[in-house]
Amino acid sequence: MTESEPVEAFLNALLAMDRVAAKRTLGGPSATDARLDVVERLVVPSLERIGDLWERGEVSLSQVYISGRMCEEMVDAILPPSDPARVDQPPMAIAVLDDYHLLGKRMVYSVLRASGYELKDYGTVDGDSLVSRVVRDNIVVLMISVLMLPSALHIKKVREALDRAGCRPFILVGGAPFRFDTELWREVGADAMAATAAESVAVVRELIDHLPKEYRS
């Protein structure tokens, strides 16, 4: 069997919404290192592929949503929150700001959790609610997804409110406005932007690698 065949099998099971076939492809119980390797080799690449297929209009919204949920369930089963293979990380959260388009957030959330990260999902929130939750939860890494330009511009107000509250999380943004204007993330006071779910994992990983130990949970 070639290296790509298990990924194709897992991907096809996800797109068919076939939980039994997907679990069979992941395999049974194994050592912690092996379980993490399976997540990195099968789950993450498959979700990235589904994201690419969605961008090209080749899969449905229901396939994207169910695939994400299936992967979260399977990763939780093989890498539960208390598992030592989970990434040593600071408190993280993700939110959709003033929008009701949740697909981008769902993809980033699923891929990050499949990569071993834990993060709070704030869902769709307005600026005031987001600020209060970030301060309450001592969030160090905040990911914000938007669909429309007005929502993207609201991120600047969120950053200013967090500054006034004495809270300075690392803000990672994503969504259509930031792909159209690659300098917009700087204008709204973000620290970085990611064009894809896979890129968000790379940005988060690099950030955590350079954070002092006291910022980690």
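Quick check on ALA195: is it among the small types (Gly, Ala, Ser), out of contact with any Pro (no Cβ under 8 Å at 6 or more places or on another chain), assigned to a helix (DSSP H, G or I) and within 25 Å of LEU53 (Cβ to Cβ)?
Details: among the small types (Gly, Ala, Ser): yes; out of contact with any Pro (no Cβ under 8 Å at 6 or more places or on another chain): yes; assigned to a helix (DSSP H, G or I): no; within 25 Å of LEU53 (Cβ to Cβ): yes.
Judged against the criteria, ALA195 is not a match.
Of the residues making up region 153-178, those that are surrounded by 14 or more Cβ atoms within 10 Å (Cβ to Cβ) and assigned to a helix (DSSP H, G or I) are LEU153, HIS154, ILE155, LYS156, LYS157, VAL158, ARG159, ALA161, LEU162, ALA176, PRO177, PHE178. The lone criterion from (1) in contact with a strand residue (DSSP E or B) (Cβ under 6 Å, 6 or more places away or on another chain); (2) at pLDDT 95 or above left unmet by SER129 is number (1). Residue count for region 118-173, restricted to those that are touching an Asp or Glu at 6+ places or on another chain (Cβ under 8 Å) and among the small types (Gly, Ala, Ser): 4.
Every residue, every condition in (1) within 20 Å of LEU119 (Cβ to Cβ); (2) at pLDDT 80 or above, yes or no:
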| site | (1), (2) |
| --- | --- |
| PHE10 | no, yes |
| ALA13 | no, yes |
| VAL20 | no, yes |
| PRO29 | no, no |
| VAL38 | no, no |
| GLY51 | yes, no |
| GLN63 | no, yes |
| GLY68 | yes, yes |
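For region 186-200, give me each residue that is buried (at least 22 other Cβ atoms within 10 Å of the Cβ) and more than 12 Å from the chain's Cα centre (by Cα). Listed by number, the residues that qualify are ALA190, MET193. Just one of the listed residues (TYR117, TYR109, TYR65) is assigned by TED's automatic domain parsing to the domain that holds ALA197 and in a helix (DSSP H, G or I), and it is TYR109.
Remark: pairs (first residue in region 36-49, in contact (Cβ under 8 Å) with a residue 24 or more places away in the chain; second residue open to solvent by less than 20 Å² (accessible area, probe 1.4 Å) and charged (D, E, K, R); Cβ separation under 9 Å; 6+ apart in sequence or on different chains) = LEU36/ASP83.
Of everything in region 121-135 that is of a type outside the set (Ser, Thr, Tyr) and not in a strand (DSSP E or B), the residue that is surrounded by the fewest Cβ atoms within 10 Å (Cβ to Cβ) is ASP128.
The values are calculated or read from the model by the stated rules, or taken from the named source; none is laboratory data. Everything numeric in this text was worked out from a predicted model, so none of it was measured. Every residue, glycine as well, gets a Cβ built from its backbone with ideal geometry; the counts of neighbours run over all protein chains shown. When the accessible area is computed, the model is the full protein with side chains, heavy atoms only, and any ligands, DNA or RNA have been set aside. Shrake-Rupley method; radii C 1.70, N 1.55, O 1.52, S 1.80 Å.
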